[in-house]
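Engineer: The structure under discussion is supplied below as structure tokens; questions concerning it will follow.
The values are calculated or read from the model by the stated rules, or taken from the named source; none is laboratory data. Source: prediction; values computed, not measured. Cβ atoms come from the backbone with ideal geometry, glycine included; neighbour counts cover every protein chain shown.
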Amino acid sequence: MPFKLVTVFIHEVSHAIACKLTCGHVESIQIHADEGGTTQTRGGVYWFILPAGYLGSSFWGMVLILASTNLLAARIAAGCLAVTLVVVFFMAKNWTLRWICIGFFLFLVVAWVLQETTRIKILCYIILFIGVMNSLFSVYDIYGDLISRRVHCSDAEKFAEVCPCPCNGVGWGVIWGFISFLFLCGAMYLGLIILRYNCSFTVSPADLSALLLILSLLFE
């Protein structure tokens, strides 16, 4: 599923951002065709970097959902995504990630051109789609990777080793899953409130609710 690779991309970039914010160095970012990914870092605050993948993915999903409610915000979000894709393209260590960057960048450019030159107002819907999809996949992946089964090399298991709290990887998976679900619910609630009280926005409450329902069915 190509769009799942975009979610993996945001997951790994979130690790890299957390590393940079804590004065670490990002050695490499890789995304594989089997929808897996790795981010190698040196230095930084490990207990902040480890949860940043899943929680950061949920956070950025929330940001994109809220950005989709306004055309200017959607343009800013698309621009930030485009810049991130260019930066990661030069940091990438494998061609799977480079092709994702190229393809997704061209996809955003085409959407932007259609938005500005035709009556097809598509940019807000694309940002909304990416945001909702990313939030849902984050919750789903936390359950599949951290809660339903124990993987000793998972982010949660590694976090349990460095965190002094008496909690194993499954326990941290439950906590992260709850936080990610709160991000999703908060984004939907705030998005619907914004759309309800400002009719000048492009995306309607029905669009927001329908997209969440459609994407939810993909997990069944």
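Engineer: Can you pull out every residue in the range 58-93 that is touching a Ser or Thr at 6+ places or on another chain (Cβ under 9 Å) and within 20 Å of residue 39 (Cα to Cα)?
Structural biologist: Matches in the range 58-93: 58, 59, 60, 61, 91, 92, 93.
Engineer: Also: Given the range 1-96, what helices (runs of 4 or more DSSP H) lie entirely inside it while holding 1 or more residues that are under 15 Å from the mean Cα position of the chain (by Cα) and among the basic types (Lys, Arg)?
Structural biologist: Qualifying helices (runs of 4 or more DSSP H): 2-21.
Engineer: Where residues in the range 29-48 are modelled with pLDDT under 85 and charged (D, E, K, R), which of them is farthest from residue 6 (Cα to Cα)?
Structural biologist: Within the range 29-48, the match that is farthest from residue 6 (Cα to Cα) is 34.
Engineer: Can you go through 120, 179, 100 and tell me which one is in a helix (DSSP H, G or I) and either modelled with pLDDT under 90 or over 21 Å from residue 10 (Cα atoms) (or both)?
Structural biologist: The match here is 100.
Engineer: Residue 216: touching a Leu at 6+ places or on another chain (Cβ under 9 Å), at pLDDT below 85, more than 26 Å from residue 72 (Cβ to Cβ) and surrounded by fewer than 19 Cβ atoms within 10 Å (Cβ to Cβ), yes or no?
Structural biologist: Here the answer is yes, as residue 216 does meet what is asked.
Engineer: Let me ask another. Can you tell me which residue in the range 123-153 is surrounded by the most Cβ atoms within 10 Å (Cβ to Cβ), limited to those that are within 18 Å of the chain's Cα centre (by Cα) and more than 30 Å from residue 69 (Cα to Cα)?
Structural biologist: So the residue we want is 146.
Engineer: Counting only residues that are among the polar types (S, T, N, Q) and out of contact with any Ser or Thr (no Cβ under 9 Å at 6 or more places or on another chain), which one in the range 133-163 is nearest to residue 185 (Cα to Cα)?
Structural biologist: Only one residue fits best here, namely 148.
Engineer: Exactly one condition in (1) in contact (Cβ under 8 Å) with a residue 12 or more places away in the chain; (2) out of contact with any helix residue (DSSP H, G or I) (no Cβ under 8 Å at 6 or more places or on another chain) is not met by residue 12; state its number.
Structural biologist: (2)
Engineer: Could you list all residues from the range 144-166 that are within 30 Å of residue 78 (Cβ to Cβ) and at pLDDT 85 or above?
Structural biologist: Once the filter is applied, which keeps residues that are within 30 Å of residue 78 (Cβ to Cβ) and at pLDDT 85 or above, the range 144-166 yields only 155.
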